[in-house]
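Structure, as structure tokens:
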Amino acid sequence: MKLSNVFYILGFASILASAANFVSGNTKNTSKEESEKERDALFVGFWPPTFFILGKIIEDRENAGKNIITG
């Protein structure tokens, strides 16, 4: 499996994890634990763009036949 595919999978997985945290923390009762889950969901929600951008950069380098780290 290519490294770029791993980053794409991580991006989609973090979207699912963020949605799951948000839904589990978004109830009528506003306890401290549920608000922490919502904050965690928002924090994890910032990860997908980073994973997708890194995946695209690595994919471009793989397609050009360059070394992933040194370019």
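The values are calculated or read from the model by the stated rules, or taken from the named source; none is laboratory data. Everything quoted here is computed from the prediction, not taken from an experiment. Backbone-built Cβ (ideal geometry, glycine too); neighbour counts: all protein chains shown.
Suppose we filter the range 57-71 for residues that are in a helix (DSSP H, G or I) and either over 24 Å from the mean Cα position of the chain (by Cα) or not β-branched (Val, Ile, Thr) (or both); how many remain?
Going residue by residue through the range 57-71, those that are in a helix (DSSP H, G or I) are 57-64.
Still in the list and also either over 24 Å from the mean Cα position of the chain (by Cα) or not β-branched (Val, Ile, Thr) (or both): 59-64.
Of the residues in that region, 6 qualify.
In the range 2-18, the residues that are within 13 Å of residue 57 (Cβ to Cβ) and in a helix (DSSP H, G or I) form Cβ pairs under 7 Å with partners that are acidic (Asp, Glu) and modelled with pLDDT under 95, at six or more places apart or across chains, as follows: 4/62. Of the listed requirements (1) assigned to a helix (DSSP H, G or I); (2) more than 20 Å from the chain's Cα centre (by Cα), residue 39 misses just one: (2). Looking across the range 42-56, the residues that are exposed (fewer than 15 other Cβ atoms within 10 Å of the Cβ) and either assigned to a loop (DSSP other than H, G, I, E, B) or modelled with pLDDT of 95 or more (or both) come down to 46, 49, 50, 53, 56. Across the range 28-71, the qualifying residues are those that are β-branched (Val, Ile, Thr) and in contact with a helix residue (DSSP H, G or I) (Cβ under 6 Å, 6 or more places away or on another chain), and the one among them that is nearest to residue 11 (Cα to Cα) is 44.
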